[in-house]
Amino acid sequence: MNKVKCECGHVNPFGTGICESCGKPLEGEKVELLNMRYEGVARRSQTYNRTIIDKIWNFFSSVKVGIWIIVITLVASSIGTIFPQEMYIPPTVNPAQFYEEEYGVLGQLYYQLGFHDLYGSWWYMLLIASLGVSLIICSLDRVVPLHRALKTQRVTRHENFLKRQRIFGVSQVSNEDETIAQVKKNLAKRKYNVSEENRNIVGEKGRFSRWGPYVNHIGIIIFLIGCMLRYFPGMYIDDFVWIREGETEVIPGTNQEYYLKNEKFVVELYDEDDEVFGEALRNSGANVVKTYQTSAVLYKKEPSDTIGAEGELIEVDRHDILVNDPFKFDGYALYQVDYKLHELNEMNFNLIHKETQDQMGNFSVNLFDPKAEYDLGEGYKVKVRHYFPDYFFNEQGQPASKSRIPNNPAFIFEMVSPEHPDGEVSFLAIGQNLEPFGENDYQLRFNGVETKHVTALTVRKDYTLGILMVGGLIFMIGLIQGSYWVHRRIWVQRINGELWLAGHTNKNWGSLKDEIDRMIKGTELSSPVDQVAEKEKEKHPKEEM
């Protein structure tokens with residue numbers, strides 16, 4: 001496309017509405033005031049629309065499109081707060097079952113539509129990415145040509161530029177040099193940067209406020225980058241781990257490099273003799289937890305020299321983890337968030353001949369890792385056909401398990417004996433001992449249980465927090481920059497033996513008019529006219545009376 005050459009000699013990009021140098025309107029003579037929003041510069045989105053790149057650029061450069069993306073993102077984010085996200089429900093619970101049981105049909109629909117993991121879904125991340133692309137393209141489409149126009153503007157402006165400013169006035173003075181010198185002095189007193197060319201002057205201040213919205217955009221873009229980096233491996237971890245007393249578990253998110261041992265778990269209750277809560281405790285009769293802590297040992301797995309062999313665990317550190325005292329190491333932090341006392345760990349059984357009551361042997365079942373078969377010797381065996389850690393009867397009337405945690409363990413055992421080499425079947429649960437295929441000669445009986453305390457720790461690692469803080473800080477700087485400062489320009493120019501005065505600001509026109517009146521006080525310049533206000537008076541003359 002052809003560039004546009006102004007009569008002042010400046011070559012403007014195609015689509016420019018106001019000459020970047022002298023300010024002459026390039027769209028022909030018009031009575032209306034100049035649109036100074038972007039200094040009349042040529043924006044790519046308004047001049048090119050031929051290739052697919054142009055169309056994509058024009059789509060994302062639209063402010064309306066950006067607003068719609070924001071609205072859709074806000075609506076989607078709001079939907080994500082109707083019910084708790086999956087990360088906030090107990091980790092031992094089946095999410096599908098949880099939402100259906102807690103919130104009914106709406107909860108089931110919420111889960112099926114994927115809103116339970118909204119903020120990690122691909123389409124939500126696509127919205128965030130689209131918002132970032134829109135901000136980048138919107139900013140580049142405007143800030144680059146705007147910067148070029150403001151940088152190349154001259155002091156001496158075209159006549160049509162001056163008289164089509166909102167604040168404009170013409171004055172006859174006896175001594176132009178003296179008047180301009182006085183105005184120049186007054187402008188300097190009011191912190192204006194004064195430039196002079198061909199004995200004409202322009203005073204300007206607050207230009208940096210024009211970049212406030214674009215600084216905002218930079219802050220938001222950095223913030224969005226920080227949000228998206230949370231989904232990159234190693235940048236952000238927010239996980240959960242249960243560790244039973246005396247056991248060692250791998251710490252989630254550490255790529256099996258770090259392990260933690262729950263050496264001891266302690267719960268401290270408020271005493272009834274407590275000065276503050278004693279009376280309330282005696283009246284309620286309830287036990288109130290004062291504090292609870294995990295005495296933890298941190299191990300690091302050393303790589304093995306032998307291929308396929310397990311590396312050795314080396315003790316690295318020890319720490320007592322309390323609610324407000326996390327265990328921090330290598331960028332990770334372990335927070336004490338929950339616990340469970342006396343969780344079932346092992347169940348002991350005796351195999352008994354029902355008629356003689358003779359014991360044929362005993363065995364212990366690890367409720368987290370049961371064996372398939374227990375050999376009691378002399379031809380007696382017990383096989384685990386089915387194991388239901390947290391059993392219930394489903395809709396078909398069959399035993400099933402709600403979770404892998406042994407809250408309500410049940411077993412289907414097969415008892416093998418010399419008399420019954422094919423085995424006898426028994427269903428055993430707490431308070432139940434059933435023989436589903438007829439009466440058996442042998443029976444399994446409970447012989448005690450072993451329990452353990454379990455601690456719940458949150459594992460967190462966040463390398464994006466600094467990026468989020470920088471983005472938020474830059475956004476606030478841009479907000480202050482664009483809100484509390486104003487870009488103002490005042491031109492005083494000699495034209496045909498008269499002094500023309502024009503002013504422009506991006507907001508607060510009344511304040512600019514008052515400032516010009518104070519600036520010209522004591523000179524021969526007459527007060528300029530606010531052309532918009534004058535037109536309003538002409539349209540509604542009776543309202544002024």
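The values are calculated or read from the model by the stated rules, or taken from the named source; none is laboratory data. Quick caveat: nothing in here was measured; it's all calculated off a predicted structure. Every residue, glycine among them, receives a Cβ derived from its backbone with ideal geometry; neighbour counts consider all protein chains shown. Note: accessible area is taken over every heavy atom of the protein model, side chains too, but ligands, DNA and RNA are not part of it. Shrake-Rupley method; radii C 1.70, N 1.55, O 1.52, S 1.80 Å.
Applying 1/(1 + (r/R0)^6) with R0 = 45 Å to the Cβ-Cβ distance of Y463 and K5 gives a FRET efficiency near 0.25. Note on E419 and N433: their simple-model spin labels are 1.6 nm apart, each label 7 Å out from Cα toward Cβ. Taking the chain as a whole, the Cys residues whose C-beta sits 4.7 Å or farther from every other Cys C-beta are C138, C227.
How much space per residue, in cubic angstrom, does the convex hull of the C-alpha atoms of the stretch 432-498 take up?
Convex hull volume per residue, Cα atoms: 303 Å³.
Across the stretch 58-101, Cα-Cα pairs farther apart than 15 Å form 59% of the total. Rounding to the nearest 10 and keeping the result within 0 to 90°, find how far the Cα-based axis of helix 465-484 lies from the longest principal axis of the chain. Tilt relative to the chain: about 30 degrees. On the beta carbon distance between V63 and Q256, with R0 = 60 Å, the FRET formula returns roughly 0.75.
Just how large is the dipole of the chain about the Cα centre, in debye to the nearest 20, putting +1 at every Lys and Arg Cβ and -1 at every Asp and Glu Cβ?
5960 debye
If you wrap the Cα atoms of the chain in a convex hull and average its projected area over all directions, you get 47.6 nm². Shape class for the stretch 346-414, computed from the alpha carbon gyration tensor (a ≥ b ≥ c): prolate, with a/c not under 1.5 and a/b above b/c.
Scaled against 2.2 N^0.38 Å for its residue count N, the alpha carbon radius of gyration of the stretch 59-196 is 2.04. The Stokes-Einstein estimate for the stretch 396-442, based on a Kirkwood radius over Cα pairs and taken at 25 °C with 0.890 mPa s viscosity, is a diffusion coefficient of 202 µm²/s.
Packing, as the average of other Cβ atoms within 10 Å across residues, places the peptides 318-327, 394-403, 430-439 in the order 318-327, 394-403, 430-439, highest first.
Sorting the segments 379-392, 485-498, 60-73 by their residues' average number of neighbouring beta-carbon atoms within 10 angstrom, most packed first, yields 485-498, 379-392, 60-73.
Angle check, please: helix 95-112 long axis (alpha carbons) against the longest principal axis of the chain (alpha carbons), in degrees 0 to 90, nearest 10. Computed tilt is about 40 degrees.
Reported to the nearest whole Å, the Cα centre-to-centre distance from the stretch 140-186 to the stretch 481-505 is 5. In this structure, the amide hydrogen of E247, modeled 1.01 Å from its nitrogen in the peptide plane, lies closer than 5 angstrom to those of N262, counting only residues at least 5 positions away or on a different chain. Computed over the stretch 344-468, the range of Cα coordinates on each principal axis works out to 73, 34, 23 Å, biggest value leading. Computed from the Kirkwood radius of its Cα pairs, the Stokes-Einstein diffusion coefficient for the stretch 1-120 at 10 °C and 1.306 mPa s stands at 83 µm²/s.
In straight-distance terms, cross-link reach from K452 covers every one of the lysines whose alpha-carbon lies under 17 Å from its own, apart from those fewer than eight places away in the same chain; here that gives K261, K264, K340.
For the chain, what does the helix formula give at 222 nm: sum of -39500 (n - 2.57) over DSSP H segments with n ≥ 4, over the residue count, nearest 500 deg cm²/dmol?
The per-residue figure over the chain is -9500 deg cm²/dmol.
Given a Förster distance of 22 angstrom, what is the FRET efficiency for Q112 paired with T73, based on the Cβ-Cβ distance and rounded to 0.05? All intermediate terms of the calculation are to be shown ahead of the outcome.
Working: r = 22 Å, r/R0 = 1.00.
Here the calculated transfer efficiency is 0.50.
When peptides 354-360, 94-100 are sorted by average Cβ neighbour count within 10 Å, with the highest value leading, the order is 94-100, 354-360. On a 0 to 90° scale, report how tilted helix 176-189 is relative to the longest principal axis of the chain, with both axes built from alpha carbons and the result rounded to the nearest 10. Relative to the chain, helix 176-189 is tipped by roughly 20 degrees. Counting only protein heavy atoms and a probe of 1.4 Å, the accessible surface of the chain is 53% carbon and sulfur. Per the Cα gyration tensor, the stretch 154-256 maps to an equivalent ellipsoid with semi-axes of 67, 14, 10 Å, ordered largest to smallest. Three semi-axes describe the equivalent ellipsoid of the stretch 85-141; taken as square roots of 5 times the Cα gyration tensor eigenvalues and ordered largest first, they are 34, 11, 7 Å. Once Rh for the stretch 1-51 is found with the Kirkwood sum over Cα pairs, what is the Stokes-Einstein diffusion coefficient at 4 °C and 1.567 mPa s, in µm²/s? Estimated diffusion coefficient is 112 µm²/s. Once the 1.4 Å probe is applied to the protein heavy atoms, the chain comes out at 56 Å² accessible per residue.
Based on alpha-carbon centroids, what's the gap between the stretch 92-139 and the stretch 213-242 in Å, whole number please? Rounded to whole Å, the Cα centres lie 17 Å apart. Remark: for residue pairs K55/K163; K151/K539; K151/K189; K301/K402; K5/K185; K24/K537, the C-alpha separation exceeds 31 Å in K55/K163; K151/K539; K301/K402; K5/K185.
Normalised by the number of residues in the chain, the average gap of Cα pairs under 8 Å and 6 or more apart makes the relative contact order 18 percent. Remark: the stretch 410-545 projects, on average over all directions, an area of 27.4 nm² (convex hull of Cα atoms).
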